[in-house]
Amino acid sequence: MEYFISCDWGTTALRLRWVKVSELKVLHPVHLNNSGLGQLNLSADEKKELLDQQLQLLIKEASGTVDVPCVLSGMASSTIGIRELPYGTLPLTLSTFVIPYERLEENVYLVSGIAGSEDVMRGEEVQVLGAAQSLNGQSALAILPGTHSKHALLENNAMISFKTYLSGELFAILRQHSILSHSLPEVPNESTDFLAFQDGLSASMGELLNTLFTIRARQLLQGKGPDYNQDFLSGLLIGTELQGLSQLTASQILLIADGKLAVLYQHALSFLFPKLTVHLFSTEEATILGHYQLIKTIHA
């Protein structure tokens, strides 16, 4: 196998990558991200037709070779996807990574997600698998920040549990639909006041519901400005999400993140848990590594 196609499809974006195996290097990326192409806006047949169309265009652009395997993960295997597949179960061995998959066509493999007793994920497990290849069997916690952040515990070369946190979604709800919206900037500030962020991290050890309201009160009584309040809120929510790490026995973190989220979580982990070793992976890197392991397992 000289090449493979790495494909993940979320609720809004479809990403395809022509990957050279010897270097695990992306040669031809395709990223479709607009309201007309999201999983929620197309029927199952339309999604399948769109996928076939994009695969043929990618194959033609890359080489014309038609027997290149493609692995497809994410929401494509959900109730709103191309075809619903049952969830895989825990513990999930990282060396063999046996989860349900189905061959859609000769060389297109649709991969399912993972379910715990009270939690589910589709797509993130591929990134965890990819990043975990660096562990050599050591224990770690994989953290995937986002709208619904995931924490996956890795022990004895297996994913044994995971949790989902509504950190990103709660931040957006508070920004747009709560009393705090009057204390925050109308347009989110892309720069970060790390002193304000650290104040929020420190406050995360207190009572969350009360501390949230103090943002409004301190604007009125102490003159705290919108930009400070935004970074304080960010630190407060991220710090609250990370509080469970105080019970973590592993000494390593696999942080799978990009851009500003990568910077904020690195800063938060360093501030709250300075003894932990943090290994950063981009979501692209982790996805490609994970898809490569899946392709090898399927073809084996």
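A short reminder: the numbers here are calculations on the coordinates, not readings from a lab. Here the structure is a predicted model, which is why all the values come from computation and not from measurement. As a convention, Cβ positions derive from the backbone with ideal geometry for all residues, glycine included, and neighbour counts pool all protein chains shown.
Kirkwood radius for segment 20-139, taken over all pairs of different Cα atoms as the inverse mean of 1/r, rounds to 16.0 Å. Using the rule -39500 (n - 2.57) for each DSSP H run of four or more residues, divided by the residues of the chain, the 222 nm mean residue ellipticity is -12000 deg cm²/dmol.
Across segment 203-300, the volume of the C-alpha convex hull divided among the residues equals 128 Å³ per residue.
Structural descriptor for segment 3-120: relative contact order 23 percent, calculated from alpha carbon pairs under 8 angstrom and at least 6 residues apart.
Explain nothing, just the number: dipole magnitude of segment 3-120 about its Cα centre with +1 on each Lys and Arg Cβ and -1 on each Asp and Glu Cβ, in debye rounded to the nearest 20. Spell out each step's value before the answer.
Working: 9 positive and 14 negative charges, 67 e Å.
Dipole of segment 3-120, to the nearest 20 debye: 320 debye.
In segment 123-287, the C-alpha radius of gyration followed by the widest Cα-Cα span (Dmax) gives 16.4, 53 angstrom. State the antiparallel share, in %, of DSSP beta bridges confined to the chain, rounding to the nearest 5. That works out to approximately 65 percent antiparallel. Considering only PHE213, TYR165, VAL108, the residue lying farthest towards the positive end of the dipole of the chain is PHE213, judged by Cα position with unit charges set on Cβ.
Find how much the distance from SER134 to GLN247 grows on full extension, using 0.36 nm per residue of separation minus their present alpha carbon separation; answer in nm with one decimal.
Net length gain for the segment: 38.4 nm.
Taking the Cα centre of segment 123-287 as reference, the dipole from Cβ charges on Lys and Arg (+1) and Asp and Glu (-1) amounts to some 400 debye. The dipole here belongs to the chain: it is taken about the Cα centre, uses +1 on the Cβ of Lys and Arg and -1 on the Cβ of Asp and Glu, and is about 380 debye. Pairs of Lys residues in the chain are counted when their Cα atoms are under 27 angstrom apart and they lie 8 or more places apart or on different chains; the count is 24. Quick one: Debye curve from the alpha-carbon atoms of segment 247-300 only, equal weights, vacuum; give me log10 I(q)/I(0) at q = 0.17, 0.18 Å⁻¹ to two decimals. For the requested q values the scattering log ratios are -0.63, -0.68. If you wrap the chain in the convex hull of its Cα atoms and look at it from every side, the mean projected area works out to 16.2 nm². Once the Cα atoms are used to define both axes, helix 283-299 deviates from the longest principal axis of the chain by about 30 degrees.
Rounded to the nearest whole Hz, the Karplus-based 3J(HN,Hα) values (6.51 cos²θ - 1.76 cosθ + 1.60, θ = phi - 60°) of segment 158-165 follow the sequence 8, 7, 9, 6, 7, 9, 10, 10, with x at glycine and proline. With both labels modelled 7 Å from their Cα along Cα-to-Cβ, the LYS163 to PHE213 distance reads 2.6 nm. Here the spin labels are modelled as points 7 Å beyond Cα on the Cα-Cβ line, and at GLU155 and SER95 they lie 1.9 nm apart.
Under a Gaussian network description of the chain, with springs only between Cα atoms under 10 Å, the residue in HIS151, HIS267, HIS31 that fluctuates furthest is HIS31. Distance from a point 7 Å along Cα→Cβ of ALA62 to each backbone N in segment 88-121: keep the residues under 17 Å and list them by number. 104-111, by backbone N distance to the label point. Cα centroids of segment 237-272 and segment 193-219: 17 Å apart. Among DSSP bridges having both ends in segment 123-287, what percentage is antiparallel? Round to the nearest 5. Looking only at bridges with both residues in segment 123-287, the antiparallel portion is about 60 percent.
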